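The values are calculated or read from the model by the stated rules, or taken from the named source; none is laboratory data. The structure presented is a predicted model; accordingly, all values stated were derived computationally and were not measured. Glycine gets a Cβ as well: all are built from the backbone with ideal geometry, and neighbour counts include every protein chain shown. The area values use the complete protein model at the heavy-atom level, side chains included, leaving out ligands, DNA and RNA. Shrake-Rupley method; radii C 1.70, N 1.55, O 1.52, S 1.80 Å.
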Amino acid sequence: MKIKNICCIGAGYVGGPTMAVIAQKCPNINVTVVDLNEARITAWNNPDFEKLPVYEPGLDEVVKEARGRNLFFSTDVDKAIEEAEMIFISVNTPTKMYGAGKGMAADLKYIELCARQIARVAKSDKIVVEKSTLPVRTAEAIKSILDNTGNGVNFQILSNPEFLAEGTAVTDLHNPDRVLIGGNNAEAIQSLVEVYAHWVAKDKILTTNVWSSELSKLTANAFLAQRVSSINAISELCEKTEADVNEVAKAIGMDSRIGSKFLKASVGFGGSCFQKDILNLVYIAKSYGLNEVADYWEQVVIMNDHQKHRFSKNIVQTLYNTVSGKRIAMLGWAFKKDTNDTRESAAITVAQDLIAEQAKVVVYDPKVSENQIKFDLEQDHDNEIIEVGTNPYEVCKKAHAIAILTEWDEFKTYDWQKIYDSMSKPAFVFDGRNLLDKQKMKEIGFVYSAVGS
Ligand code: UDX
Ligand code: ADP
């Protein structure tokens, strides 16, 4: 089937950037991104390209090129479904917080609602593409809903997991290591291959059966997260010995079998995918009675939780076992640099721990709004305990300690002498990202410590 109209349900961190790039690279295909969330669609249509709902370097340029030409954002879900030959499902699949599989399994209610809506509306054959991260065998469930509640039209289901990382979404989409397409129907697979072939070399477009594709996505995220937990486990050992985790990471990373990427010790991984996908993998393994497999992967999440709490505990202990009433400046709230996404950010856990110890927490992040930070903490807007600033120098003024939670490049460019002069003494810095120059910070006079060194 030659694709002329694509619809994507879900205008979030995955759907928005992915569809913007497809539209940019395939000017002959109309791409309509739909969402129930009106405010989000309005923001995607904002004439000011700096105010798109998702912050990603380079995304404004892509949207500028395609929006209004062949890229559209709308709340009219039915119309977009009806007109499209190919429908991407890119809605959120959070960890289920109720019933069976609570805290582990993926909540598929949004996916099911989408499938039912597609079945109700579709009056011609459609290719339905799973873009959200889903448990293995979800495609089968979608197919069953579509076939049993539809209007007798033909549905083909493909799995096309997204591997983009936030903060580098546009470059990842422009130059993917691979595009993975899982399916059981050669013609449907070919239709999607042709979309990507507009800009991705054919040898990077991998086709598999549906279940391999679904499982590959979970496995890739589990392996990546495992690397972070592995180096974070070593970071704690480094802190007890004279070893420096950066030196260890460099030394092992030069072994080509290990590789140098994803070995940065940190305050813990965050983001919407890693924890959710591992817990999902754990749940699936358990449901097949594979307890050793489940326990093995669950340890990656346990280690990550430990790393986050260990960071806040260290702050409290170092500040003479009490932070009550002390001003602690947190630099960074996003789960990594170059994104405004805060889902599962380590900063949230650390702030909660410090607030529980009655610290006065003051936060600065270059891209995250005050509303979002307060929402993440489920705080009243007028709550006194947490303050959000827009000027990092003001935020750090009179602070007893600074905690660095996100590796924003701008933190490296600050006048740290000026910050030191404005702080309460002794002036502590807890660098959760190994971002700053240890030697220089110590020379200025800071009591500086970084994760794993
Ligand atoms: C991840 C996968 O990389 C991507 O392929 C998938 O499609 C979605 O999930 P993302 O969560 O956006 O992407 O960001 P990623 O760069 O993987 O970082 C995840 C977390 O791990 C961040 O909190 C990051 O700071 C942390 N991290 C990463 C480390 O602490 N150390 C590292 O060496 C690398
Ligand atoms: P992701 O990081 O996977 O892109 P997000 O939460 O950023 O996740 O985006 C998912 C989007 O999907 C949200 O904007 C949400 O409003 C939208 N969504 C969820 N269910 C539906 C639905 N049935 N129809 C349309 N949009 C939906």
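Please specify each residue of the stretch 398-437 satisfying the condition of being in contact with a strand residue (DSSP E or B) (Cβ under 8 Å, 6 or more places away or on another chain) and of a type in the set (Ser, Thr, Tyr).
Matches in the stretch 398-437: 406, 424.
Just to be sure, is residue 251 more than 16 Å from ligand 1 (Cβ to nearest atom) and free of Cβ contacts under 8 Å to residues at least 12 places away in the same chain?
no
Mind checking which pairs have a first residue in the stretch 159-178 that is more than 9 Å from residue 17 (Cβ to Cβ) and a second that is β-branched (Val, Ile, Thr) and away from ligand 1 (no atom under 12 Å from the Cβ), Cβ under 7 Å, 6 or more apart or different chains?
Short answer, once both residue conditions are applied: 159/210; 160/129; 160/181; 174/21; 176/200.
If I ask for residues that are without any contact (Cβ under 8 Å) to a residue 60 or more places away in the chain, out of contact with any strand residue (DSSP E or B) (no Cβ under 7 Å at 6 or more places or on another chain) and within 15 Å of ligand 2 (Cβ to nearest atom), which ones from the stretch 122-148 would you list?
Answer for the stretch 122-148, where residues must be without any contact (Cβ under 8 Å) to a residue 60 or more places away in the chain, out of contact with any strand residue (DSSP E or B) (no Cβ under 7 Å at 6 or more places or on another chain) and within 15 Å of ligand 2 (Cβ to nearest atom): 122, 145.
Filter the stretch 66-116 down to residues that are of a type in the set (Gly, Ala, Ser) and surrounded by fewer than 18 Cβ atoms within 10 Å (Cβ to Cβ) and give me whichever is farthest from the chain's Cα centre (by Cα).
My answer is 68.
Can you tell me which residue among 242, 292 is open to solvent by 30 Å² or more (accessible area, probe 1.4 Å), part of a helix (DSSP H, G or I) and acidic (Asp, Glu)?
292
Could you give me the residue pairs with C-beta distances under 6 Å whose first residue belongs to the stretch 264-277 and is among the hydroxyl-bearing types (Ser, Thr, Tyr), whose second residue is more than 8 Å from ligand 1 (Cβ to nearest atom) wherever it lies, and which are 6+ apart or on separate chains?
272/343
Say whether the condition of being assigned to a helix (DSSP H, G or I), more than 16 Å from ligand 1 (Cβ to nearest atom) and crowded, with 17+ Cβ neighbours inside 10 Å is met by at least one residue in the stretch 322-340.
Checking the stretch 322-340: not a single residue is assigned to a helix (DSSP H, G or I), more than 16 Å from ligand 1 (Cβ to nearest atom) and crowded, with 17+ Cβ neighbours inside 10 Å.
Which of the helices (runs of 4 or more DSSP H) contained wholly in the stretch 29-116 include at least 1 residues that are in contact with a Phe, Trp or Tyr (Cβ under 7 Å, 6 or more places away or on another chain)?
Counting at least 1 such residues, we get 38-44, 59-66.
Within the stretch 349-362, how many residues are surrounded by fewer than 20 Cβ atoms within 10 Å (Cβ to Cβ) and either under 14 Å from residue 373 (Cα atoms) or of a type in the set (Phe, Trp, Tyr) (or both)?
Number of matching residues: 2.
Every residue in the stretch 1-28 that is among the β-branched types (Val, Ile, Thr) and either in contact with a helix residue (DSSP H, G or I) (Cβ under 7 Å, 6 or more places away or on another chain) or in a helix (DSSP H, G or I) (or both), please.
Within the stretch 1-28, 3, 6, 9, 18, 21, 22 meet the criteria.
For residues that are touching a helix residue (DSSP H, G or I) at 6+ places or on another chain (Cβ under 7 Å) and closer than 13 Å to residue 71 by Cβ, scanning just the stretch 30-52, find the one that is most open to solvent (accessible area, probe 1.4 Å).
49
Taking the residues in the stretch 341-374 that are among the acidic types (Asp, Glu) and assigned to a helix (DSSP H, G or I) as candidates, determine which candidate is farthest from ligand 2 (Cβ to nearest atom).
Filtering the stretch 341-374 for residues that are among the acidic types (Asp, Glu) and assigned to a helix (DSSP H, G or I), the one farthest from ligand 2 (Cβ to nearest atom) comes out as 353.
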